[in-house]
Amino acid sequence: MLPTNFDSLTAERPDLAATLRQVAGWIRQHPDWNLIDPRELARTVKNVDAWALASALHLLVEKGLFRQVYMVTTPSGVLADGEFEDPRQIPETLPDRFNRTFETAESDIIAVLTAPR
């Protein structure tokens, strides 16, 4: 399960407290998820300024509660298996969810957050 206790951060950054509480609530609503896809998070949290959300996610990474990794979207738009520490590590091809390979150069690279190692 991903961390959800951001109390020390809300005290440190009161300007992001409301956003951090919404992120924590979103994580609690998805207890079986092992990563945060910022695209999905932004679509589902309500009344959150995009800048505040980006700042809160950056803060979570900066403080070591999460780490940022990169994933690739398949041609159908879902995230392919495989997390990469650096986008330059992404291979030229990856399998989609039907085990058909696709060229990653033609796909989007998405920065996602996951629990630290």
Practice task
Working from Cα positions, state the angle (0 to 90°, nearest 10) between the long axis of helix 50-62 and the longest principal axis of the chain.
Solution key: 90
Handout entry: Charge dipole (debye, nearest 20) of the chain; +1 at Cβ of Lys and Arg, -1 at Cβ of Asp and Glu
Key = 400
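So for the chain, what percent of the C-alpha to C-alpha distances run longer than 22 Å? It would help to have the intermediate numbers written out before the result.
Values: 2533 of 6786 pairs.
Cα-Cα pairs of the chain separated by over 22 Å account for 37 percent.
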Practice task
Name the residue farthest towards the positive end of the dipole of the chain from the options P95, V23, L60, assuming +1 on Cβ of Lys and Arg, -1 on Cβ of Asp and Glu, about the Cα centre.
Solution key: V23
Practice task
Would you kindly state the longest site-free stretch of the chain, with sites defined as GluC sites (Glu not before Pro) in a DSSP loop (not H, G, I, E, B) surrounded by at most 10 other Cβ atoms within 10 Å?
Solution key: 1-84
Problem - In the stretch 60-117, the chymotrypsin sites (Phe, Trp or Tyr not before Pro) that fall in loop regions by DSSP, at most 16 other Cβ within 10 Å - result: F98
Handout entry: C-alpha long axis of helix 17-29 to longest principal axis of the chain, angle in °
Key = 50
Exercise for the section: Between E92 and D49, with labels modelled 7 Å along Cα→Cβ, what's the label distance in nm to one decimal, could you check? Expected result: 4.6
Problem - Loop sites in the stretch 13-47: trypsin sites (Lys or Arg not before Pro), DSSP, at most 12 other Cβ within 10 Å - result: K46
Completion exercise
Mean separation of Cα contacts under 8 Å (at least 6 apart) over the residue count of the chain, i.e. the relative contact order in percent, is 27
Practice task
Measure out, as a whole number of angstrom, how far apart the alpha-carbon centroids of the stretch 54-117 and the stretch 5-22 sit.
Solution key: 26
Practice task
May I have the convex hull volume per residue, in Å³, for the Cα set of the stretch 67-114?
Solution key: 62
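Do me a favour and compute the ellipsoid semi-axes for the stretch 7-62 from its Cα gyration tensor, root of five times each eigenvalue, largest one first, whole Å. Numbers along the way, then the final one.
On the way: eigenvalues 59, 32, 22 Å².
The three semi-axes for the stretch 7-62 are 17, 13, 10 Å.
Just so you know, all these numbers are worked out from the coordinates, no wet-lab data involved. No experiment lies behind these values; they were computed from the predicted model shown. Glycine also receives a Cβ, built like all others from the backbone with ideal geometry; neighbour counts cover every protein chain displayed.
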